[in-house]
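Below is one structure, written out as structure tokens, with a few remarks after it.
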Amino acid sequence: MPTVSIKECSEYDKNKIKKLVLESLKEIKFDLKKYRNKKILLKPNLLGPFEPKEAITTHPIFMQAVAEIFKKVTNKITIADSSDQAYGRDDKVLETTGMNQVAKKLKIKTEMFKAKNIIFLKSEKNQILKQVAIQSEIKNFDLIVNMPKLKTHMLTGLTGAIKNIFGLVPSYYKREYHIKGNTPKKFSSILVDIYNVIQPKLNIIDGIVALEGDGPSRAGKPIKINVILTSDNAIASDLIAAKILGFENVLTNQFALERNLIDKKDIKVIGEIKLKNFEKPSHIKQVVAPFVAGLFQKLVTKRPYVNKNCKKCLTCLKACPAKAISLKNNNIFINKNKCILCYCCSELCPYNAIELKRSWLGKKLINMHDKMFKKVKNGRRK
Ligand code: SF4
Ligand code: SF4
């Protein structure tokens, strides 16, 4: 039976987190002793060189608390994620996110997996990817501890335990899967395919300070949610996270349920589900009414625009899976016709220089739509 343990925790206090996670491990019947001298991969969300206070990456104190729990049974612990070649500076990611400091204190390893190390895994349940490219380094570990940061995501709605596994896809294939998954639905379906081949036995979500609004990067806003979720099942933990945050439409959850990968009724929840006030991504709020969807959706969808903060670092150019970004006359240019609206450029820009905005026409249309929709809703109420 998939089990999720919910703990309230209002600060990044290492000892408090450690105590709560230990309690949760007992509650979900996770046998720590089974991993004596085993090789453990602690897989945080290390999207890029972001500081802990930005709430984009798993907090280093959260990581330290969990690493100390495993240190009791083994020294073979590695904190690792896959490298995004767009940055080209893996050491900077590990340093800025605070992971190197944790590793140094505890005398454990950190690693950014190399893009060239690839294995292909298959699952009969997959719907889009016949085979999934995964970092081959995972074969070296006896246990993957999935440690996502709880955040909104402009494509999937929410990034939790399922989306965090995308970090184990080598850099080149991340881009390929974005191209294949060129709509929020297709991309979310691909994420569920990836989950089918990698199902971490332990998921510990850092939701003490989460990211609301237009996550998963600097366009989102840190918000205290004060929650730690621990589960033996990634889908179960994401379903409960969505409930806590009042999210109805998380596409990865929806597809996992539609594919019968889990039955909601089977999930055992230990702890209280307290609904939190949480701002959804603007894309989710702006999904237009079904009767105008086909007509307007494309026009009202937010697009990436480069603002004056741009330092011409070219991270976005290297990250864009659709090769829609180029440098022209020393300015960053985005080709709208090539852009597949994956938002990777906005996620990865280190200077918050890519804003997601609507065109003038898009804004007019959404205003008209909102007024119309309000009238229809009010009419129905009468
Ligand atoms: S938009 Fe951001 S990522 Fe792209 S070149 Fe400018 S600063 Fe770098
Ligand atoms: S321009 Fe940005 S949003 Fe468009 S495809 Fe490239 S990375 Fe994705």
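The values are calculated or read from the model by the stated rules, or taken from the named source; none is laboratory data. Given the structure is predicted, the values throughout are model-derived calculations rather than measurements. Neighbour counts are summed over all protein chains in view; Cβ atoms, including those assigned to glycine, are modelled from backbone coordinates with ideal geometry.
Give me a count of the residues in the range 324-356 that are away from ligand 1 (no atom under 14 Å from the Cβ) and either within 23 Å of the chain's Cα centre (by Cα) or in the same structural domain as GLY220 (by TED's automatic domain parsing) (or both).
Qualifying residue count for the region: 3.
Looking only at the range 295-329, filter to residues that are on the phi > 0 side of the Ramachandran plot and away from ligand 2 (no atom under 13 Å from the Cβ); which one of those is surrounded by the most Cβ atoms within 10 Å (Cβ to Cβ)?
Top of the filtered list is LYS312.
So how many residues does the range 25-53 have that are of a type outside the set (Val, Ile, Thr) and either in contact with a Leu (Cβ under 8 Å, 6 or more places away or on another chain) or not assigned by TED's automatic domain parsing to the domain that holds ASN233 (or both)?
The total comes to 11.
When residues of the range 200-244 are filtered for being assigned to a loop (DSSP other than H, G, I, E, B) and under 15 Å from VAL4 (Cα atoms), how many remain?
The qualifying residues number 4.
If you check LYS26 against the conditions, is it part of a helix (DSSP H, G or I) and touching a residue at least 24 places away in the same chain (Cβ under 8 Å)?
In short, no.
Just one of the numbered conditions (1) under 18 Å from TRP360 (Cα atoms); (2) more than 6 Å from ligand 2 (Cβ to nearest atom); (3) surrounded by 18 or more Cβ atoms within 10 Å (Cβ to Cβ) is not true of ILE332; which one?
All conditions pass for ILE332, except number (1).
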